[in-house]
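Reading through the structure tokens given below for one structure.
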Amino acid sequence: MAWTPETRAYGATQTVPSAGVDAARLDTGLRKYLLGVYNYMASGLLLTGIIALLVATTPALLQLFYPQVQTPAGLVRQPTILAWIAMLSPLAFVLVLSFGINRLSRTAAQALFWLFAGAMGLSLTNIFLVFTGESIARVFFITAATFAAMSIYGYTTQRDLSKMGAFLMMGLIGIIIAGLVNIFLASSALQFAISVIGVLVFVGLTAWDTQRIKNDYIEHAYAEGTELAAKRTVMDALALYLNFINLFTLLLQLFGQRNE
């Protein structure tokens, strides 16, 4: 499932600095702002990973979400209602943050981000049941390297990536629809196509979002410590976090080694 906040609804990007803002000061502020965004994103990923691993390796917790059930094929783990709630709850947090950010305080927005990261950890517990730990670690590092490369590209390129946005969003909508259809079809060929196209879409979105974040800061030059800067940090971190998580899960579908 591709989680997609429309944090991108914040508007068009510009590359013209705000009037009266010193270039050197703007550059320092931009670097500090981006560091805060990436720190939030990385901390969210760390919390997600810890919770997913904790549940997967704690028998009592795992039994609550994925108890073993006797079937004709033998003992298998099947999701309980709690597991389904965990898998669907991140979407609720994304919607609240995306559509309610202007009405939320900075503290509420930050709290919802951490709750979202925790809920995502619960929803990703099942990857430890499906894939080997070694392949999960390998794909994670592949994802991290790909994400870093595309984020650096988005930050440093002089090419205007804003025109890619509509194309990428169309691709994103397409893979979401195809994914929903494949729930009923259960086609391995369609799943492979979704994974390949999805990887390309989220690779592009990583570069696009990075440039968008940079250009938005240059346009608005958020004052450090303000309510607006704090909430924008959360929303920008959320966008990058979701690009990373979606890229990771899609690459895992392509290259992950399944448990026998």
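None of the figures in this text is laboratory data; all of them are computed from the coordinates on show. Since we're looking at a predicted model, the values are computed, not measured. Cβ sites come from the backbone with ideal geometry, for glycine too, and all protein chains shown count toward neighbours.
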Exercise for the section: Place a +1 charge on the Cβ of each Lys and Arg in the chain and a -1 charge on the Cβ of each Asp and Glu, then give the dipole magnitude about the Cα centre in debye, rounded to the nearest 20. Expected result: 60
Exercise for the section: Would you work out the relative contact order for the chain, in percent, from Cα pairs under 8 angstrom that are 6 or more residues apart? Expected result: 35
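Above 17 Å lies some portion of the pair distances; for region 174-227, what is it as a whole percent of all C-alpha pairs?
Details: 799 of 1431 pairs.
Pairs farther apart than 17 Å: 56 percent.
Nearest 20 debye, what's the magnitude of the dipole of region 203-244 about its Cα centre given +1 on Lys and Arg Cβ and -1 on Asp and Glu Cβ?
On the way: 4 positive and 6 negative charges, 19 e Å.
The calculation lands at about 100 debye.
Restricting to DSSP H runs of at least four residues, report the calculated mean residue ellipticity at 222 nm for the chain, -39500 (n - 2.57) per run over all residues, nearest 500 deg cm²/dmol. Walk me through the intermediate numbers first.
Numbers: 9 runs with 192 residues, N = 260.
Estimated from H runs of four or more residues: -25500 deg cm²/dmol.
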Fill in the blank from the handout: Residues whose built amide H sits under 5 Å from the amide H of Arg77, excluding neighbours closer than 5 in sequence, are Val69
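Exposure proxy check: Ser195, Ser188 ranked by fewest other beta carbons within 10 Å? Please list the in-between numbers first.
Details: Ser195 19, Ser188 9.
Ascending number of Cβ neighbours within 10 Å: Ser188, Ser195.
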Problem - Volume of the Cα convex hull of region 103-259, divided per residue and given in Å³ - result: 137
Fill in the blank from the handout: Ordered by number, the chymotrypsin sites (Phe, Trp or Tyr not before Pro) in region 147-177 that occupy a DSSP loop and have at most 16 other Cβ atoms within 10 Å are none
